[in-house]
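Participant: Take this structure first; my questions come after.
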Amino acid sequence: MCADKKISPGQESGAIGLEFHGALRPLLQGSLRMMPRLYHSLEHRTSIKDTIESFTIPHTEIGAISVNGKSVDFSYQPCPGDQIRIYPLVPPVDPCRPSFLRPKPLPRLRFLVDVNVARLRTYLRMIGMDTLYQPQWTDHELALLAAQRGCILLSRDRGLLRRKIIEHGHLIRSEDPIQQLAEIIAYYGLSGRLNPFSRCIKCNALLQPAAKEDLLPLLEPLTRKYYDTFFRCPGCDKIYWPGSHRDAMEKMVIEALSLSRILRK
Ligand SMILES: [Zn+2]
């Protein structure tokens, strides 16, 4: 059903007016970014979700839609003369709380990482975030998993994030993995919820403390000599200890946290 209609002066009848706000504007193609309002001809009846996505902006990035001053959801079908304002999700985004556009909240934060941001899964696991990843998963499988397992799908692929079945997702803007981690920390407000080095970076399982004497045959001589605290992954048996690789990872986490503070401003 159409919301109340007003046709603005200068606008062709039959068209709708669209304003993309905030972080959505840079996602528009080329010169469209410079235009405060876009006019769009309605050639056939379609949902506002599909109309917005015809401008290559996935619905996962949308926080609110207003038509002639009234909030609508993704199923709304635009009518000639509609004046539509589209707003981004505003950090810190909490998918575990219901919202008008996403009334079914996630039970917990769990990420699903697309192969085009593969390194991000290591860094998310490094800070303790539950993160699923398999390089062989197809787009169809990723979308299905995101819906069935209640995951936030992270990708740089706009086409994938446009799939209707995906409720929670985020289009990763940066190409650099550390900046991608900073982006996620800032976007989902994770800085106070980090639990570094609690998960296996290889398989995502939660690490368990392990007694040094049980691991002695598996340790290199120098590791055996200098370290006493060990953790073991119950999923893949990988052994962890606070060695030089961990110092390097700590530096990465600190860098990402510092970048995330800049992004929040
Ligand atoms: Zn593991």
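Since every read-out is calculated from the coordinates, none of them should be taken as a lab result. If you're wondering where the values come from, they're calculated on a predicted model, not measured in any experiment. So basically every Cβ, Gly included, is an ideal-geometry build from the backbone, and we count neighbours across all protein chains shown.
Participant: Give the Rg (one decimal place) followed by the Dmax (whole number) of the stretch 92-250, computed from C-alpha coordinates and expressed in Å.
Facilitator: 17.6, 58
Participant: Using a Cα-Cα cut-off of under 16 Å, which lysines could be cross-linked to LYS212, ignoring same-chain neighbours fewer than 8 residues away?
Facilitator: Here the lysines satisfying the reach criterion relative to LYS212 are LYS225, LYS238.
Participant: Per DSSP H run of n ≥ 4, the term is -39500 (n - 2.57); total these for the chain, divide by its residue number, and report the mean residue ellipticity at 222 nm rounded to 500 deg cm²/dmol.
Facilitator: Working: 8 runs with 71 residues, N = 265.
Roughly -7500 deg cm²/dmol at 222 nm, from the helical runs in the chain.
Participant: For the stretch 15-88, what relative contact order do you get, as a whole percent, if you take Cα pairs closer than 8 Å and at least 6 residues apart?
Facilitator: Over the stretch 15-88, the number comes to 45 percent.
Participant: In debye, nearest 20, what is the charge dipole magnitude of the stretch 15-88 about its Cα centre with +1 on Lys and Arg Cβ and -1 on Asp and Glu Cβ, if you could check?
Facilitator: 180
Participant: Something else now. If you count, for each residue, the other Cβ atoms within 10 Å and average over each peptide, how do 152-158, 128-134, 259-265 line up from highest to lowest?
Facilitator: In decreasing order of mean packing, 152-158, 128-134, 259-265 become 152-158, 128-134, 259-265.
Participant: Turning to a different aspect of this structure: Given the C-alpha centroids of the stretch 73-104 and the stretch 196-265, what is the distance between them in whole angstrom?
Facilitator: Their Cα centres are 40 Å away from one another.
Participant: Per the Debye formula with a single identical scatterer at each Cα and no solvent contribution, what log10 I(q)/I(0) holds for the stretch 15-88 at q = 0.12, 0.27 Å⁻¹?
Facilitator: At q = 0.12, 0.27 Å⁻¹ the computed log10 ratios are -0.26, -1.52.
Participant: Using only the alpha carbons of the stretch 191-265, determine the length spanned along each of the three principal axes and report them from longest to shortest in whole angstroms.
Facilitator: So the extents along the principal axes, rounded to whole Å, are 50, 25, 17.
Participant: Principal axis lengths of the chain from Cα atoms, whole Å, largest first?
Facilitator: Over the chain, Cα extents along the principal axes are 80, 34, 28 Å.
Participant: For the pair VAL90 and TYR39, what calculated FRET efficiency results from E = 1/(1 + (r/R0)^6), where r is the Cβ-Cβ distance and R0 = 35 Å, to the nearest 0.05?
Facilitator: That gives a FRET efficiency of 0.85.
Participant: Can you return the lysines within cross-link range of LYS49? Criterion is Cα-Cα under 23 Å, with same-chain partners fewer than 8 residues away left out.
Facilitator: LYS5, LYS6, LYS70, LYS104, LYS164
Participant: Now a separate question. So, by mean Cβ neighbours within 10 angstrom, what's the order for 175-187, 199-211 with the highest one leading?
Facilitator: Top of the packing list down: 175-187, 199-211.
Participant: For the chain, what proportion of DSSP beta bridges, expressed in % and rounded to the nearest 5, is antiparallel?
Facilitator: Around 60 percent of the beta bridges assigned by DSSP in the chain are antiparallel ones.
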